[in-house]
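Chemist: Okay, here's the structure, questions in a sec.
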Amino acid sequence: MLMALYRLVFVLCLLPAAAIPTALRPGDAPIAPREFRAAWVATLDNIDWPSKPGLTAAEQHNEIRRILDVAVKLKLNAVILQVRSAADAIYPSKLEPWSRVLSGTQGRQTDTAWDPLRAWIEESHHRGIELHAWLNPCRAHVGTVAPAAGHISRTQPELVVQYDRFIWFDPGIPAAAEHILSVFRDVTERYDIDGIHVDDYFYPYPVQRTGRTLPFPDENSWSRYVDDGGRLSREDWRRQNVNTLVRRIHEQTRQLKPGIRFGISPFGISRPGVASGITGFDQFTGIYADPVLWLRQGWCDYLSPQLYWPIAQKAQSFPVLLESWRRQNRLNIPIWPGLFTSRVGAREKSWSPDEILRQIELCRHQNSVPGQIHFSFQALLQDPQQITSKLTSGVYSSAALPPAVKQPPQPPPAAPQLRLNSPESRIDLVTTAAEKVAAPGNLRTIASWTFNGKLWTFSAQPAARPGISFTPETLRAVVSVVDRWGQESERTTLELPPPRPSR
């Protein structure tokens, strides 16, 4: 009886549409591994992309594909793209001029029909990769070349101040904050991004000249605050300005698109002395940033402190700092630290790739929802000391799904329907209950487990490429689909025919 049933299953599996989907039995396949694996792609001064100003649209597009293909090879699942570095844009904007990193001249684009941000999003999603838009909130202009005629320093000079060599928005001017928020709103509304990301540039880092610290020139906005009855100290007022901006960016993002993440990458030390033996710059008094408050208030969806020090450096020890952030994280918001991967192969104080591999392992042990972001992508492209091969053969040897967002705006997708394509040793996804996988909509990833009788092997691939290959040794495949918010469908199991005996 059993042999007859086995022969029937074997015959059915060889038919074109003869997959036998079944409910997954408990314990059949492990849960999907989850880890946020990302890298910053910096555009300021052409650090990562484009490689130099003045490239044609086709050349810029080819560089996008090259970067993202390396991300796929590394099994990254997100990139953090700098889209606004100094009150400019790598996308067409009515609010701010084109960035000079594109053509070499601020306000001018080599091809006005070319929208780099849209291309980045489409190419990322086609590969199953999240695209987070990274905007610098308050830095308004860098460099010695005069800003373009359409730059905020020319159109509304009352919103910005000159601090040393750079121009900054004054966070104490309400109209300046409104302009910044309008830029964030514009990007969030017009583009199919998966996240909004800001770094540590609110008030500038203090500049020393001739033995003294240059004061930030906000006397006018401070005087207006005092004249209007404000009672905070100047330092607390500045922190309030930053806190209010962070809170409003978070609230605005959630209101416009509830399913996208808002992430912040502050300076890596919350405050000196919070963790025993830790010394260094105090961002609370130096740049008026209070990221611990942002964690406690839930004003971000993930925090990525820039932990740019090695494990053995006692005064700024990577594991000690990571643990200190975790202990101050009462709401259990994901802590996905920034790693200084660019230090590998650097000309001075170069790190071994093992330093980065060990830091990733520490992230996994000290976070309930693990993750990390590499700074910056150039290190992964140049591959010093074969860092990419050591990542792919070690800590990134297996794929991982990105963590699911906390409040997804839609229910999870339906379980996939499968069809066995036996001659090609491939499993095809046909449809889900709601949509064709060939036009995936909100579907982002196909997750699959294959079983050879001893081991389960996990893989993840873009939903835009809905074919899953299997080896002759594969006895069972378990497949689910994952949407753009990281929600996994119920799984479908497919029993595969046993390998034919060799003659």
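Chemist: List the helices (runs of 4 or more DSSP H) inside segment 128-244, counting only whole elements, that have at least 3 residues being touching a residue at least 40 places away in the same chain (Cβ under 8 Å). Step through it out loud before you land on a result.
Modeler: Values: elements: 152-155, 174-190, 219-227.
By residue number, 174-190, 219-227.
Chemist: Please pick out the residue among Pro408, Pro440 that is at pLDDT 90 or above, part of a loop (DSSP other than H, G, I, E, B) and at negative phi.
Modeler: The match here is Pro408.
Chemist: Sticking with this structure for a sec: Among Ser389, Ser489, Ser398, Ser448, which is assigned by TED's automatic domain parsing to the domain that holds Lys75, under 25 Å from the mean Cα position of the chain (by Cα) and among the hydroxyl-bearing types (Ser, Thr, Tyr)?
Modeler: Just a single option satisfies the conditions, and that option is Ser389.
Chemist: Do you know which residues across segment 28-69 are surrounded by fewer than 21 Cβ atoms within 10 Å (Cβ to Cβ), hydrophobic (A, V, I, L, M, F, W, C), under 17 Å from Leu401 (Cα atoms) and in contact (Cβ under 8 Å) with a residue 24 or more places away in the chain?
Modeler: Once the filter is applied, which keeps residues that are surrounded by fewer than 21 Cβ atoms within 10 Å (Cβ to Cβ), hydrophobic (A, V, I, L, M, F, W, C), under 17 Å from Leu401 (Cα atoms) and in contact (Cβ under 8 Å) with a residue 24 or more places away in the chain, segment 28-69 yields only Ala32.
Chemist: Across segment 32-59, which residue is farthest from the chain's Cα centre (by Cα) among those that are under 15 Å from Gln82 (Cα atoms) and of a type in the set (Phe, Trp, Tyr)?
Modeler: Trp49
Chemist: Just to check your reading of the model, which residue among Ala4, Ala17 is part of a loop (DSSP other than H, G, I, E, B), modelled with pLDDT under 95 and among the hydrophobic types (A, V, I, L, M, F, W, C)? Even if it seems obvious, please write down each step before you answer.
Modeler: On the way: Ala4 fails: part of a loop (DSSP other than H, G, I, E, B).
Going through Ala4, Ala17 in turn, the sole match is Ala17.
Chemist: Just to be sure I understand the filter: pairs with C-beta atoms under 7 Å, separated by 6 or more residues or on different chains, first member in segment 294-322 and without any contact (Cβ under 8 Å) to a residue 40 or more places away in the chain, second member part of a strand (DSSP E or B). Which pairs pass?
Modeler: Listed pairs, sorted by first residue: Leu295/Leu303.
Listed here are the residues, each with its yes/no results for (1) within 23 Å of Leu443 (Cα to Cα); (2) among the aliphatic types (A, V, I, L, M); (3) touching a helix residue (DSSP H, G or I) at 6+ places or on another chain (Cβ under 9 Å); (4) surrounded by 15 or more Cβ atoms within 10 Å (Cβ to Cβ).
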position	(1), (2), (3), (4)
His374	no, no, yes, yes
Phe377	no, no, yes, yes
Leu381	no, yes, yes, yes
Ile387	no, yes, yes, yes
Leu391	no, yes, yes, yes
Val395	no, yes, yes, yes
Pro402	yes, no, no, yes
Val405	yes, yes, no, yes
Pro411	yes, no, no, no
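Chemist: So which residues in segment 76-96 are in a loop (DSSP other than H, G, I, E, B) and in contact with a strand residue (DSSP E or B) (Cβ under 9 Å, 6 or more places away or on another chain), if there are any at all? First the steps, then the outcome.
Modeler: The initial filter retains those residues of segment 76-96 that are in a loop (DSSP other than H, G, I, E, B), namely 76-77, 85-88, 90-96.
Within segment 76-96, Leu76, Asn77, Ser85, Ala86, Ala87, Asp88, Ile90, Tyr91, Pro92, Ser93, Leu95, Glu96 meet the criteria.
The values are calculated or read from the model by the stated rules, or taken from the named source; none is laboratory data. All values reported here derive from a predicted model rather than from experimental measurement. Positions of Cβ are backbone-derived with ideal geometry, glycine not excepted, and every protein chain shown enters the neighbour counts.
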